[in-house]
């Protein structure tokens, strides 16, 4: 049995993590997120404070599944706790505070230093390890200079190992992302209600220190969404920081994912809102919409 002092120190980590979850709940509450989502983080924090053993043991023994099986801890909150244990920080909390630094997140991956992290974030707008993994599989990462087939494959393996303990137990391919129509609907809601939304004060690209970035939290069909304008170097360089919308999504049985919605500048979708990396699906979505409208007009 561990010495009493060691047990006390380990249990104090429960309170540290609980404090982070309470901080998430407070910010979600201030930013008008659903009461269900706010309460979920508060309940999880309360549970950790009352736990009689170090919650880190559950993570070390069973990974994210070990956390997810605890009362009040769903998969999305388990992923937040896992990230705190792995990195000492929470990207969700940083984002809600306006203090996110995606490039530091990317640098936690072997083979990715400051310059490459900047390039990936700048060119692809990637802000999470899950989004980086998706880009490694869908071909976008191969478009970054210096990423040949071997390097991409090596990165896939590294990310697979890093994220293995955070993954849900049973996720089929069609559960990976919300439907295109739902994502585009969230994008539309965000852009049409900007003057009604709470704002945060981003630390990056904000020399005046203004509270200027609108943020939306909403729930649709069991998915929790957070939407805000991109604050990436590329968005500012190309004057798209009020066009590109980054949308994060999660649900209780699914870790967080991320997409970016932009206004297409060329081709058959020119002028329409499209999801980067899902242009084909967006084209099908708009074609279905048009067919439905034609049928309605004919009747």
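Going by the conditions given, is residue 23 in a helix (DSSP H, G or I), free of Cβ contacts under 8 Å to residues at least 24 places away in the same chain and in contact with a helix residue (DSSP H, G or I) (Cβ under 7 Å, 6 or more places away or on another chain)? Answer is no for this residue. Looking across 81, 126, one residue alone is surrounded by 22 or more Cβ atoms within 10 Å (Cβ to Cβ), more than 30 Å from residue 42 (Cβ to Cβ) and in contact with a helix residue (DSSP H, G or I) (Cβ under 6 Å, 6 or more places away or on another chain). It is 126. Here residue 34 fits the description: touching a residue at least 12 places away in the same chain (Cβ under 8 Å), under 30 Å from residue 204 (Cα atoms) and in contact with a strand residue (DSSP E or B) (Cβ under 7 Å, 6 or more places away or on another chain).
Working only within the stretch 181-194, note down all residues that are surrounded by fewer than 20 Cβ atoms within 10 Å (Cβ to Cβ) and either within 17 Å of residue 256 (Cα to Cα) or free of Cβ contacts under 8 Å to residues at least 12 places away in the same chain (or both). Scanning the stretch 181-194 gives 182, 192. Number of residues in the stretch 108-122 that are crowded, with 16+ Cβ neighbours inside 10 Å and assigned to a loop (DSSP other than H, G, I, E, B): the value is 2.
Take the conditions at pLDDT 85 or above, assigned to a loop (DSSP other than H, G, I, E, B) and under 18 Å from the mean Cα position of the chain (by Cα) and apply them to residue 178. Does it pass? Lay out the reasoning, then the answer.
Working: at pLDDT 85 or above: yes; assigned to a loop (DSSP other than H, G, I, E, B): yes; under 18 Å from the mean Cα position of the chain (by Cα): yes.
When the stated conditions are applied, residue 178 passes them.
Quick grid of which residues meet (1) within 17 Å of the chain's Cα centre (by Cα); (2) in a helix (DSSP H, G or I); (3) under 30 Å from residue 48 (Cα atoms); (4) at pLDDT 85 or above:
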| residue | (1), (2), (3), (4) |
| --- | --- |
| 84 | yes, yes, yes, yes |
| 152 | no, yes, no, yes |
| 163 | yes, yes, yes, no |
| 174 | no, yes, no, no |
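The values are calculated or read from the model by the stated rules, or taken from the named source; none is laboratory data. Computed from a predicted structure; not experimentally measured. Using ideal geometry, Cβ is built from the backbone for each residue, glycine included, and neighbour counts are taken over all protein chains shown.
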